[in-house]
Structure formats: C-alpha cells, structure tokens
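See structure below.
The values are calculated or read from the model by the stated rules, or taken from the named source; none is laboratory data. Since we're looking at a predicted model, the values are computed, not measured. Backbone-built Cβ (ideal geometry, glycine too); neighbour counts: all protein chains shown. For accessibility, only protein heavy atoms count, side chains too; no ligands or nucleic acids. Shrake-Rupley method; radii C 1.70, N 1.55, O 1.52, S 1.80 Å.
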Amino acid sequence: ETAAESGTEDQNVAEAADTERSTSGNTLASDTSGTSATSNTGQVSLVRTEVPYSGVADVGIDPVQGDTLDRLIWRGTTAETVIALADPAFAAGGSPALAALADAVMAVRAEQPAEITGRDVALVEARLAWLAEAGRSRDIAVIADALPNDPEWLDWKKWLVVTQLLEMQDEQACRSVMYYSGRTLEAFWHKAKVICNAVQGDATSARFGADLLQATGQNDEIFGVLVDSLLDDVAVPAIDPASLEPLHIVLMEAAHHPIDRDGLNALSPASLQSVTGLRYLSDEARLVRAYRALEAGFLDHQAVAKQWRLANVEDGDVAMALSRHESMPTALTRAMVWRALDAEKTAARLALIAVALDVDVAEGAGMLMAPLYAELAEEALQFEGAKALLSDSGEPLATKLALLLAAGGKTVSADDFGAPLASAIDSVSSMKAGGTLAGMAMDGLDLWHLLPLFDSLSDDAGQNADTQPINWLGFDSEAAQASRSFVSTAPVRMRALDQAAAAGRTGETVLIAQQIVAAHGLDRLHPADAAQIHDALARIGQGDVAAAFANDVVAAHLLDTALATDAGGMPVAAPAAEEPAAEASDNMSGVDMSADGAPSDNNAS
C-alpha cells in the first residue's frame, strides 16, 4: 500500500506480486480461532480476536489439489525449530524420495510457524539457503520474485535476474533491471541493462551502455568481448574460466558461444535447475550437466541416458575409461565410462559393468548409477555368449549383476541367473511389498540385518509376527546369526522424530528424517532407525514417500552386498539336499507352523 501511495509507477510494477501475496496471506493465516461467535443469540461477530502474522515469510509455492503437503505443515512447530532444522548441509543425499519431500517442505507456502515475530527474515533466508543447496531454481525464483525490494534481498534479486535471463524470461528480468539501474550505479545492474537492450533488439542502446561502462572504469574485458560477439558476431578469444561471472554465462548463451564444463561452475548451485535448459554447452559440459541434474532429481535415468548417448565426444577404449574412473572418479569420468560400456556390444560388457559398479558404490554414487548400469546389463544379457560368460565366471559375477538389476528396478530371470538366485531376488521384492519373511533369500543375499525394516513393511500389510508365530531360534544359519555394525542415530533424535510424527507436525518430521538420513547414508544407517523413519513418514500421511524410502534403503543394501561379493562372494544358498538348514529357513514364512512357533517336523533342519 505504501508503494501504491508513493505514485512511483516502476515501484508499483516491481512490487505488485508482493501486494497480492500479502493479501492472500491474510486469508491463509486466518481460521475459526480468529472469530468470535455468540450462540445464544445466533449472531456471529466478524471482529478478529487474534491478528494472524503476515509478512515477508508469507512466500512460497502454493500447494495444488492432490498435493500431500498442505498449508498446515508448520502448525505446532516454532520458527526457531524450523530455522535450526533447515541446515543446508543436509539438503541433499540419502533417499531421493525423502530429499525431494524435504525440498517441497522448504518451498511450500504455508501457515507460518509459531513465534515468528522477529524471525521472519531469518526463516526465509534459511529456506532459500536449503533450496539453493538443492538447486531448486524454479522454487527459489517464485520466492525471490515475491520478496520486497529491500537491501537484505538484493543478492537474491540479482540471482533472479540472471535466472530469468538464462530461461529467456526477458520481460520479467528486464523490468527489474530497469527499476534498479535507474536507482543505483552498481555495475551489475548496468551490465544487465546492456544485455536487456541487446536481447530486446536495441543494439544502439546496448553499445552505448557498454561503452559507458568502460568509460567509467568498469573495464570487464570478458563482458566487452562477449557483447561484441552478441552485437557484431565477433569471434571470442579464449576465456579464463576462473574469471567467469553469472552475467558472462548469460551473454555466452545469448551469443550462442559454447559454455564448457568449467563455465558451469560460474553459476551458483542455486541455478542447477535452470542450467538443465541451457542450449549452448560443450559436449563434455552436457555430460556433466546431465549427471548433476540426475543427482538433484531434475532428470530421470532415461533422459540422462539419452543425453549421454547424443553427446558428440570421443569414447575411447573402455579399459582406458575405466582406468581413469578408478583413479579419480568424477561426474565426467562416470559419464564417459557409461558411454564406453554402451558402445561395447559384446558379452564382455557384463564383467566391465561389475568393475564400474564397484567404483561407484564405493564412492557413494551407486544408487544414482544403478538404473543406468542395469539398463546396460539387461541389454548385454541378450548378447551372444552372455550365459556362457556368467557360467564360466562363477557365482560372484552372477550374484553381483543380479543385485545390480534388483537395485536398478529390473527383473532377474531364472533363465539368466538360475532359479535359486532369481527366487531370492523375487522374495526380496515380495518382502518390500509387505510379504512374509523369506529366510532363504535373507540367508543367500545376506540381508538379515534389514529385518527391522521388513518387519515394519510387513506390519503395514497386516502380516506381523503375532498373526503367524515364528520360532526365531530356527534360523541358525551363519548369515542369520552374524552381527553387523551400523551407525545408530542419537536416541533423543529418534524420540524427537516420533514426537513430531505423533503430533502431526509434518514439516518438522520430514526435516528431522532428512537430517538423519543425509548425515549417515542409507547403507550405514541402522536398519532399526530406518524402520522408525519409515513409520514416522507413514504416520504423517506420506505413505508413498515412506514406501519409496524403504525401497531406497533396500536398494542401497543390495548394492552394498554387491560391492562385497568379490571379496569372498555371498552365493545364494544351495538346494535343500545339500544344505537342509537353508531350506528350513526358507520355508519358515510359508509352511504350517506348530502351536508353539517351532517349525513342523517335515521342515525341521
């Protein structure tokens, strides 16, 4: 309203969205507790008894119908708690499904947390820092656009202009540029004005602005040569990537000058989602960009595979690509290895995939790469000599590849891997869906440590131990009795998770869960803690995310088992005639049980 009364037209345009959001925010924050009713006379007073807070923190992405997150995700949570939990160090990593939910929690426009007064700026800054680390450019742009034109938000306004120019939203970007360039001598805004004049077809004004910048001492040589290239199609000399700035990248894109992979680093992590739309990248930069987008969840595996195949780079020898990747794994070497494997059209690809998988699992990239490698493995199983290779190589290679296919969401066929291994993998899929316990699969794939998680999934499906008693002493195999070491979360942290979930504090529950998982990793987090996180997510109405999280945990452990396979092998249990104990364990979940929970005689070991 102050802006409207000032009579400044530019200010009206720049802050119109803020006025609209604040108005709707008042409606959002109000509820029946803010009115007074007198039932004895049948009259209702519309005078507020409590004035809801509405301010700078009332920004975000409006939830749409069907979203699992509503406007009440912070009800019962204080602003101080949200700020403490919104640590950007935990904004990525762990389960992709859980991380995406946490990002959505940070972005959504909701009823503000309790005790917000005096903490509104800090809350928005914390949300933006989280989303920046996650690379959520589109969500950040909505929030930054709604923020007032105050000094504390100036850096985000600059970022917004760069993002809008990268995404060819010239009208919105240049409106802000003209507003600020008329009020400040700061070089950024006048450089941006040159770009706006150029992309809007006013070459004369763009040239005048560039000359004026140089005359006033703003001698940015890279900016000058890129403006010359854009306006006059002048060849651009070699550019030092260490000197690149975001506006340089905007000019390079506008001038159709290829941006190399070092140039991508000139943009902040907050621009990652916008980078997925850049058209003028070098081929190596395209490979790296696709991997980063996959890592952040902006591209799926099919899209990444397509982009990697289309990149016009020299593949080289697959052995050389693997050697480089083993010595120093990076996003680029990972893409180059995948391309080299894709180009290998013989059954030898299977053994080479196993080597690449080991490197990536050890580096923490196994979850990301598993579906990509699984696609290549599935194709290679149809190559001539594939079955003979698996047979000659023995069980370790077959087991490793079967675990890869399972983690990557592919089918493990008995024709390719034999009935025992295929049956074990199928049993794991059944247990993930809440099916009954399959002892043989747990033995053969060394998954007994995941029993707490499988119990939780079974409880969801109504298949708990109380309805079908099990004699746990009957599982006496070496794998079942082995102990494993994991990282246990601090008990008070897990109590805080349960407390938030029990109270229905959705946002708080999600952020606590994400912090726990990101801190420890899916394969090192204690399975009992993973089961507790699964249950907490289900309690706050996030059943789909809870199921996806459990699937991510199981996939991470399958890959961990695959990594350990070469060290000594973890073969699937042999048929019953050779190892009766394994047969007994396998049948514990599906045969008649005696009244006291002991295995019936025909299944006893």
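Things worth noting here:
- You can think of it this way: the chain between Gln382 and Leu154 has 76.3 nm of extra reach, that is 0.36 nm per residue less the Cα-Cα gap.
- Loop-located GluC sites (Glu not before Pro) across the stretch 56-136 with a Cβ neighbour count of 14 or fewer within 10 Å are Glu115, with loop assigned by DSSP.
- Alpha carbon Rg of the stretch 103-173, scaled by the compact-globule rule 2.2 N^0.38 Å: 1.14
- GluC sites (Glu not before Pro) lying in DSSP loop within the stretch 354-387, provided at most 12 other Cβ fall within 10 Å: Glu384
- The alpha-carbon atoms of the stretch 168-219 define a convex hull whose volume equals 66 cubic angstrom per residue.
- Calculated FRET efficiency, Asp202 to Arg309, Cβ-Cβ distance, R0 = 60 Å: about 0.90 to the nearest 0.05.
- Share of pairwise Cα separations in the stretch 56-99, more than 14 Å, in percent: 67
- Per-peptide packing, taken as the mean over residues of other Cβ atoms within 10 Å, places 402-408, 163-169 in the sequence 402-408, 163-169 from highest down.
- 10 Å binning of all Cα-Cα separations within the stretch 328-434, expressed as whole percents from 0 upward: 15, 49, 30, 7, 0
- Cα centroid separation, the stretch 57-97 to the stretch 179-210: 38 Å.
- Nearest-10 value in Å² for the accessible area of Arg324, using the 1.4 Å probe: 110
- Applying 0.36 nm per residue to the separation of Lys345 and Gln302 and subtracting their alpha-carbon distance, the gain on full extension is 13.5 nm.
- Lys158, Lys306, ranked by accessible area, largest first (probe 1.4 Å): Lys306, Lys158
- Ellipsoid equivalent to the stretch 190-239 - semi-axes via the Cα gyration tensor, in Å: 16, 14, 8
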